[in-house]
Amino acid sequence: MAIERPRPFRNVDEGGGARHRWRPMLRYFLLSVRQLGDRAVVWVLVKSLALTGGLFAVAGYATYRILKKLFFDWRGQSAMGLAVAFAAVVTLIALWLLFRAVAIAVIGIFADEVVEAVERRHYPAALAAARPVPAARAAMMGAASVGRVALVNLVMLPVYVALLLTGIGTAAAFLLVNGWLLGRDLGDMVAARHMSRAALPGWRKRTGGRRFLLGLADALLFAVPGLNLLAPVLGAAMATHMFHSQPR
């Protein structure tokens, strides 16, 4: 199979027009979409969706059990329907607010498989030099990602509420904040295979602009129904192209 290597682009961290900043991300997205049919990528997609759905199902059932106990003590048997309704509403709200964080944490567990598939097709030399991320470290990175998302969005909550008066301010702020968070998480998934822990902080500092654009692009995918299910896998693939196609 011929190796399809993305063309190099100017370093987006050094500035340039908006079109030049977004062109690489569009190409990375298109390359990633083309690889969705790879068996390894499909398998990761199935596993990650199953695990994400399972986590929310368990959380929903636990919520129902807790509410059932509370409502039973309050209203007796007649409150069971109310408990089910409240549990469904709470689960749906949690799904809307936390799906991105949980999905990225889950894909972090399987990220090596997506990154390896992309490197096998496009960057075989890099694949040969890569160091697979141990499962324990991948799980720790996923847990840290969820913690960052929860903490940062909790701190930003008053800002989100205040911006409700603007109509679109809350959505814009949420997109920008979570784009920044996504850029870090997705970038680290790839960088961890090729850099030491000591080198990561310096790499993050040098690549802040391009990682933010990567995160913003993936955050937009999360906002589109249907595409949001593919966003974690597409984000990991796009991050791989970004890491290998631009200066580090």
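Keeping the other protein chains in place, figure out the carbon and sulfur percent of the accessible area of segment 148-248, with a 1.4 Å probe.
Roughly 76 percent of what the probe reaches on segment 148-248 is carbon or sulfur.
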If the chain between A143 and R131 were fully extended at 0.36 nm per residue, the gain over the current Cα-Cα distance would be 2.2 nm
Computed from the beta carbon distance with a Förster radius of 41 Å, FRET efficiency for R120 and L151 to the nearest 0.05 stands at 0.70
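Rank by packing, highest mean first: peptides 124-136, 180-192, 37-49, with packing defined as the count of other Cβ atoms within 10 Å averaged across residues. Don't jump to the answer; show the numbers that get you there.
Numbers: 124-136: 12.8, 180-192: 24.1, 37-49: 16.2.
The peptides rank, most packed first, as 180-192, 37-49, 124-136.
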Which residues qualify? For T207, with a placed amide H closer than 5 Å and at least 5 residues away or on another chain, they are none
Any lysines whose Cα falls less than 25 Å from that of K47, other than same-chain ones fewer than 8 residues away, would be none
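Determine, from the Cβ-Cβ distance of K205 and V42 and an R0 of 35 Å, the FRET efficiency 1/(1 + (r/R0)^6), rounded to the nearest 0.05.
On the way: r = 36 Å, r/R0 = 1.01.
With a Förster radius of 35 Å, E is 0.50.
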Karplus-derived 3J(HN,Hα) from phi for segment 157-170 (6.51 cos²θ - 1.76 cosθ + 1.60, θ = phi - 60°), whole Hz, x at Gly and Pro, runs 3, x, 5, 4, 5, 4, 7, 4, 5, 7, x, 10, x, 4
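The values are calculated or read from the model by the stated rules, or taken from the named source; none is laboratory data. If you're wondering where the values come from, they're calculated on a predicted model, not measured in any experiment. In this analysis, Cβ positions are derived from the backbone assuming ideal geometry, glycine residues included, and neighbour counts consider all displayed protein chains. Areas reflect the complete protein model, heavy atoms only, side chains present, ligands, DNA and RNA absent. Shrake-Rupley method; radii C 1.70, N 1.55, O 1.52, S 1.80 Å.
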